[in-house]
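Working notes, structure below.
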Amino acid sequence: MAHETSETTAASPVDAAASSGRRLRRNKVPEVTVHFWITKVLCTTVGETAADLLDEKAGLGLPGVSLLTSALLVIVLVVQFRTGAYRAGVYWTAVALISVVGTLVGDDLSDTTGVPPETGTAVFAIVLAVVFVVWYRRERTLSVHSVDTPGRESFYWLAVLLTFALGTAAGDLVSERMDFGYWLSAVLFALVIAAVALAHFALDLDAVWSFWIAYVLTRPLGATAGDFLTKPVAKGGLDLGTPGSSAVLPAVLLGLMAYARVRGGRTRGERA
């Protein structure tokens, strides 16, 4: 929620770090701005439509598509971990792939094993809470503005994956199980996110918890928006189809990623 910089470094002095052989790293998460949230919602929407498209067209079945996209995600995360600072293209590609994988994990749980959305939502929420507890006990912070060590980055990406799986289950619970429909569910999640933002800015709700609550909620927001675009009219959607949506949305997302890269370059030039 808060506007903070992604240029933080380790707290120890440069000389001490150099003498100990420890390499200083910049924060690996971008500035949390309006652009961040728009790009994140788009990644989520792309993940929903792409997961549906692959499930329908790839002919691999849900487990096969899950394995394929998981392998791609591992490759991108290896590149992400090897970078010394935030790189817009690598970071947002990882988020988009995690959106696809998280969606497929949620779909696998409900469609393949028959676990109801209520149970899936509860299970993912508990696992995410455990990750947060362990993360905080080890690092003493959950802030995304201090993701500057391999350990913190590992916790960060695990938490991000779980937020997408949790958001998938929660979105299905509200839009389908509770029968709110896709567009009404999207409006509902948007209003809850607005309430969290208001609580942060007007009532001083903790910035870290504001961020993570909003991060979870943007998943079902983007997913229900994607379902609204692609699902048949009889099911409450616009019936634009997964191929068209999966082509247009990534194009918009690539434009935002290019903008983030150019903006980041200008910012570094101004600081030089």
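The values are calculated or read from the model by the stated rules, or taken from the named source; none is laboratory data. Bear in mind that the values here come from a model prediction, so they are computed numbers and not experimental data. Note that we place each Cβ from the backbone using ideal geometry, even for glycine, and neighbour counts take in every protein chain shown. Side chains are part of the model used for accessible areas, which takes the heavy atoms of the whole protein and leaves out ligands, DNA and RNA. Shrake-Rupley method; radii C 1.70, N 1.55, O 1.52, S 1.80 Å.
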| message | Take THR39 and tell me if it is at pLDDT 70 or above, assigned to a helix (DSSP H, G or I) and in contact with a Lys or Arg (Cβ under 6 Å, 6 or more places away or on another chain). | response | no
| request: Considering each of GLY120, GLY114, GLY106, GLY89 in turn, give the residue that is small (Gly, Ala, Ser), touching a residue at least 24 places away in the same chain (Cβ under 8 Å), open to solvent by 30 Å² or more (accessible area, probe 1.4 Å) and over 18 Å from PHE211 (Cβ atoms). | output: GLY89
| Qualifying residues in region 162-182 (those that are in a helix (DSSP H, G or I) and either in contact with a Cys (Cβ under 8 Å, 6 or more places away or on another chain) or among the small types (Gly, Ala, Ser) (or both)) - the one nearest to VAL127 (Cα to Cα) | ALA165
| note | Those residues of region 67-83 which are open to solvent by less than 30 Å² (accessible area, probe 1.4 Å) and touching a residue at least 40 places away in the same chain (Cβ under 8 Å) amount to GLN80, THR83
| So which residues in region 123-140 are touching a helix residue (DSSP H, G or I) at 6+ places or on another chain (Cβ under 8 Å), surrounded by 13 or more Cβ atoms within 10 Å (Cβ to Cβ) and over 17 Å from LEU166 (Cβ atoms)? | GLU139
